[in-house]
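**Q** I have a structure I would like to understand better, so I am pasting it below and will then ask my questions one at a time.
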Amino acid sequence: VRVLRCGAVMVFLLIVIAAAEDKRPQISDEALERALNDKRYLQRQLKCALGEANCDPVGRRLKTLAPLVLRGSCPQCTPDEMRQIQRTLSHIQRNYPKEWSKIVKQYTGA
């Protein structure tokens, strides 16, 4: 369970990667897939991002950096990180369209 939770934490770190960290751990595609399949954790993070639930440290980071990521600003992301971020965003758009719409509206002002 702890390994899955760590994987879920890492997926949201990928979503909100920014220049603040110089050294980021590499996340395997398998760990990313496991995290994306943890529906309970994803729902909790989405509610945090929308201000509908308390946030853990990952959620607070998500709320802080989401506007940058949603605008495509990730100057220090590697090509692999960008690919994984795109995979994560696609997953959320496809599987949580209502929450995705709210997040985009909230963080981009669209």
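The values are calculated or read from the model by the stated rules, or taken from the named source; none is laboratory data. Keep in mind that this is a model prediction, so the values were computed, not measured. Glycine gets a Cβ as well: all are built from the backbone with ideal geometry, and neighbour counts include every protein chain shown. Accessible surface is based on the protein model in full, side chains and every heavy atom, while ligands, DNA and RNA are left aside. Shrake-Rupley method; radii C 1.70, N 1.55, O 1.52, S 1.80 Å.
**Q** Can you tell me which of 87, 94 is modelled with pLDDT under 85 and in a helix (DSSP H, G or I)?
**A** Of 87, 94, the one residue that is modelled with pLDDT under 85 and in a helix (DSSP H, G or I) is 87.
**Q** Of the residues 34, 60, 44, which single one is modelled with pLDDT of 80 or more, part of a helix (DSSP H, G or I), open to solvent by 80 Å² or more (accessible area, probe 1.4 Å) and closer than 23 Å to residue 98 by Cβ?
**A** 44
**Q** Please count how many residues of the stretch 73-92 are open to solvent by less than 50 Å² (accessible area, probe 1.4 Å) and among the acidic types (Asp, Glu).
**A** Going through the stretch 73-92 one residue at a time, the tally reaches 1.
**Q** Let me ask you something else. Pairs under 8 Å by beta carbon, first residue in a loop (DSSP other than H, G, I, E, B) and of a type in the set (Lys, Arg) in the stretch 66-83, partner open to solvent by 50 Å² or more (accessible area, probe 1.4 Å) and at pLDDT below 75, six or more apart or different chains?
**A** none
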